[in-house]
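Below is one structure, written out as structure tokens; the observations come after it.
Bear in mind these aren't lab numbers, they're just calculated from the coordinates by the rules spelled out. Keep in mind that what you see is a predicted model, and the values were worked out from it rather than measured. Positions of Cβ are backbone-derived with ideal geometry, glycine not excepted, and every protein chain shown enters the neighbour counts.
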Amino acid sequence: MTFIEAIILAIVEGLTEFLPVSSTGHMIITSSMMGIASEDFVKLFTIVIQLGAILSVVVLYFKRFFQSVNFYLKLFVAFIPAAVFGLLLSDYIDALLESPLAVAISLVIGGIILLYVDKWFNKPTIHKEEEINYLTALKIGFFQCIAMIPGVSRSGASIVGGMSQKLSRQVAAEFSFFLAVPTMFAATAKKGYDYLKVGGSFTSHEINLLIVGNVVAFIVALLAIKSFIGYLNKNGFKMFGWYRIIVGLTILLLMGIGYDLKVV
């Protein structure tokens, strides 16, 4: 992997990780277009650069992360389902990650849902994060588990889950961002441990790639989150729904004409 390829993938990660559009689907198209080999380090890279994206959430919502113990308890409760199912279904999830077809179908179905989600859940009663109770947090955590199917989108699943529990669009999106911190950190730690466990090591070039990737993902994610919240409050999810459908159909079209899509 070259530095240019690493920067491009990090930009894609930063742009898509917190939007309800599926970073996995975008990684498939981007890596395939650049012809990046599906190697162990490349797979690790796409996970580890999530740390940069995580840091952007902490920086943007710095005060929220130091306001109360209750805040962390709710995040922990919401994180439990992903931790349990992630460990139990890790082999199944890895198998699905090798299927561009599964990603494409998930993108299209998720897109259709986003076209109507604003109409389905248009009477929120929770307008502040402090109003979320533990049971509601747990339910959102179960919704997040749906994103273990590649192409669903972690942020999309948790935001829709939040809105189904009467959270406003902004509160649902922000809670999804907060929940990303323990979820993505755990996924990064596990991927790194698995990589080292089988004898993986890092060259100086690979370490530099990881540093550059995290820095770029951090900067891009900062801009993406701020822009997303502003757009969401004014326009809702419909544009993201159509966008997902277009990306999913693009993947299906590429597969139909025999294009070799490699899932990173």
Cα extents of region 3-256 along the three principal axes, largest first (Å): 50, 44, 34
Gyration tensor (alpha-carbon) shape descriptor, region 43-192, a/c threshold 1.5: oblate
Cα-Cα separations in region 1-127 greater than 20 Å, expressed as whole percent: 61 percent
Global form of region 186-246, assessed from the alpha-carbon gyration tensor, a/c cut-off 1.5: prolate
Whole-number percent relative contact order across region 3-256, with pairs defined as alpha carbons under 8 Å at least 6 apart: 39 percent
Exposure proxy order (Cβ contacts within 10 Å, fewest to most) of Glu206, Glu131: Glu131, Glu206
15 Å cut-off, amide nitrogen to a point 7 angstrom out along Asn122 Cα→Cβ, residues in region 149-169: 169
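Using just the helices of the chain, give the 222 nm mean residue ellipticity in deg cm²/dmol: DSSP H runs with n ≥ 4 each add -39,500 (n - 2.57), and the total is spread over all residues, rounded to 500.
Rounded to the nearest 500, the figure is -25000 deg cm²/dmol.
Please give the peptides 19-32, 58-71 ranked by average Cβ packing (other Cβ atoms within 10 Å per residue), highest first, as a rough proxy for protection.
Sorting 19-32, 58-71 by mean packing, highest first, produces 19-32, 58-71.
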Shape call, region 109-177: gyration tensor on alpha carbons, a/c limit 1.5: oblate
